[in-house]
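The values are calculated or read from the model by the stated rules, or taken from the named source; none is laboratory data. Bear in mind that the values here come from a model prediction, so they are computed numbers and not experimental data. Here the Cβ is made from the backbone with ideal geometry for all residues, glycine too, and neighbour counts use every protein chain on show.
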Amino acid sequence: MIQTIRGFRDILPEDTPLWQAIESCASKLFENFGFKEIRIPIMEKTELFARSIGETTDIVEKEMYTFPDRKGDKLTLRPEATASVVRAFIQHSMGASDSVQKLYTIGPMFRRERPQKGRYRQFYQINAEVFGIASPYIDAQLILILNELFKRLGLSELEAHINSLGCKECRPNFQKELLTFLQDKKEQLCENCLRRMDKNPLRTLDCKVPDCREALKDAPSTLNHLCSGCQDHFETVKSVLTEQGVDFIVDKTLVRGLDYYSKTTFEILTTALGAQSAVAGGGRYDALIKELGGDETYGIGFAIGLDRLAEIVAQMINSNAQEDAKAQTSKAHFLELMHSNSPDIFIIPLGDKAIRLAYMWTSALNIAGIKTETDYSGRSLKSLMKRADKLNAQYVLIAGDKEIEDNALVLRNMGTKEQYFVTTDNPVEQVETLLNRV
Ligand code: HAM
């Protein structure tokens, strides 16, 4: 049998209600904050990612799905969305119609990493990007939005880490000092770090090899080298977050795995998936738009890992831990969303005539917005009652040939066992009234 490729997977129907609930929660929240949706292609010219994410990053060096198309053009399945959103912003001169653009996009990304829990080769991201705002208030607001989203999803065990990487004014000084530090540690560094050291010393701070981590634990911090502009910017972000009651940890090791960042960077971390891993990450990229051929424009954004988020929300729903009232409410809310696919009514047709009517009514009720299912197999009342139970139907509508003849169908509430009679003429209207759907 042909199976999915390693690191790729199906999101099955039992899981999609949760995914949909998270996506709709995020898009509602984004829209409240003035974001509009953009949809971008899944494939781009390789050069777009190489130039924006950076030639010496893990993503570009070893994780991209890159191949020549039939004409020899070098194409890549997108490993992230920011580069494409920036490309779209420039290509469509979006800044000309409104100098501030707030955009979000949801979809699959591709990185050839080693698969493990919470890490896939096709994974999904919810992305938000803001163009044209220099103010640190927007940095704080994006972190606030993430915080609010996680709160709405009932998640509390998350840690926001923030850092500042400085700008083109102050970064060179820092890099010089880092390089001097690295020269002394050469013996302890992995081959990758040694190779990247001169080209892009900041990348060594992102190395996951334990020996490198150990060697770099006292590495100089960007935070000690910020120019006064970057310093003020970072202070404002922190003080605004504090005033809004958003907890955060200043983490001088947070350099992120992509090269385009300047000033504020942030990640939301969880331990719920085993070793500490990021559920979301982002930051400012004030130089990227110009770098990709656009006018000088401020940029900042984040991406949430939807696979990871869905996994921790599912864990929360399934956990039996002692919960406070708030956690119980979000759990109930999610269970409701996840069962929202159950039919309102299951029509039980008994006899040939009834099956034809059941088909007609099912169609009419579904069109009227009342979720209705039926069964065409001619099975017994007992077995169809079982089926209604399995589907978690709220009501059954029993339509035997006799009920049709007597013009009195039975609508039974599966929970309370209350029964109503419905005549055969215009059952949709009657059902709508009985279910309070008018
Ligand atoms: P990133 O940190 O590379 O940032 O990815 C963001 C999130 O995507 C991660 O925190 C993680 O939750 C999820 N993720 C990444 N790789 C995988 C994987 N292999 N399997 C499952 N989930 C994964 C970016 O992609 C930037 N474009 C974020 C950004 C937007 N910065 C500014 N704007």
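Regarding region 40-48, can at least one residue be identified that is within 16 Å of the ligand (Cβ to nearest atom), in a helix (DSSP H, G or I) and over 20 Å from the mean Cα position of the chain (by Cα)? Spell out the reasoning first.
As a first pass, look at region 40-48 and keep what is within 16 Å of the ligand (Cβ to nearest atom): 40-42, 44, 48.
In the following step, the residues that additionally are in a helix (DSSP H, G or I) were identified as 48.
Subsequent filtering for residues that are over 20 Å from the mean Cα position of the chain (by Cα) retains 48.
Among the residues of region 40-48, at least one is within 16 Å of the ligand (Cβ to nearest atom), in a helix (DSSP H, G or I) and over 20 Å from the mean Cα position of the chain (by Cα), which makes the answer yes.
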From the options Leu165, Leu146, residue that is farther than 22 Å from Ala21 by Cβ, in the same structural domain as Gly34 (by TED's automatic domain parsing) and buried (at least 18 other Cβ atoms within 10 Å of the Cβ): Leu165
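Just to be sure, is Pro79 within 13 Å of the ligand (Cβ to nearest atom), assigned to a loop (DSSP other than H, G, I, E, B) and either farther than 25 Å from Ser262 by Cα or within 19 Å of the chain's Cα centre (by Cα) (or both)?
yes
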If Thr56 meets every condition in (1) of a type in the set (Val, Ile, Thr); (2) more than 9 Å from the ligand (Cβ to nearest atom); (3) in contact with a strand residue (DSSP E or B) (Cβ under 8 Å, 6 or more places away or on another chain) apart from one, which number is that one? (3)
I need the full set of residues from region 377-399 which are in a helix (DSSP H, G or I) and either surrounded by 15 or more Cβ atoms within 10 Å (Cβ to Cβ) or in contact with a strand residue (DSSP E or B) (Cβ under 8 Å, 6 or more places away or on another chain) (or both), in order please. Leu381, Leu384, Met385, Arg387, Ala388
Here are the criteria: (1) in a helix (DSSP H, G or I); (2) modelled with pLDDT of 90 or more. Tell me which single one Lys402 does not satisfy. (2)
Being in contact with a Ser or Thr (Cβ under 6 Å, 6 or more places away or on another chain) and over 30 Å from Asp184 (Cα atoms) narrows Val279, Val246, Val313, Val240 down to just Val279
Expected single match for within 16 Å of the ligand (Cβ to nearest atom) and not acidic (Asp, Glu) among Gln101, Gln3, Gln91 is Gln101
Taking region 400-418 only, how many residues are of a type in the set (S, T, N, Q) and loosely packed, with under 11 Cβ neighbours inside 10 Å? 1
Note on region 128-162: residues at pLDDT below 95 and of a type in the set (Ser, Thr, Tyr) are Ser156
Name the residue that is farthest from the chain's Cα centre (by Cα), counting only residues in region 109-127 that are more than 19 Å from Thr76 (Cβ to Cβ) and in a loop (DSSP other than H, G, I, E, B). Arg114
Selection within region 302-350 - over 30 Å from Arg387 (Cβ atoms) and modelled with pLDDT of 85 or more: Phe302, Ala303, Ile304, Gly305, Leu306, Asp307, Arg308, Leu309, Glu311, Ile312, Gln315, Met316
Tell me which residues, restricted to region 144-158, are farther than 16 Å from Asn32 by Cβ and touching a strand residue (DSSP E or B) at 6+ places or on another chain (Cβ under 6 Å). Leu158
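When region 292-310 is examined, which residues are found to be within 11 Å of the chain's Cα centre (by Cα) and either within 6 Å of the ligand (Cβ to nearest atom) or part of a loop (DSSP other than H, G, I, E, B) (or both)?
Those that are within 11 Å of the chain's Cα centre (by Cα) and either within 6 Å of the ligand (Cβ to nearest atom) or part of a loop (DSSP other than H, G, I, E, B) (or both): Phe302, Ala303, Gly305, Asp307, Arg308.
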For a quick check of your reading: which helices (runs of 4 or more DSSP H) sit entirely within region 210-291 and have at least 3 residues that are within 16 Å of the ligand (Cβ to nearest atom) and in the same structural domain as Glu63 (by TED's automatic domain parsing)? 288-291
Just one of the numbered conditions (1) at pLDDT below 90; (2) more than 29 Å from the chain's Cα centre (by Cα) is not true of Asp218; which one? (1)
Test result for Asp206, out of contact with any helix residue (DSSP H, G or I) (no Cβ under 7 Å at 6 or more places or on another chain) and either loosely packed, with under 14 Cβ neighbours inside 10 Å or aromatic (Phe, Trp, Tyr) (or both): no
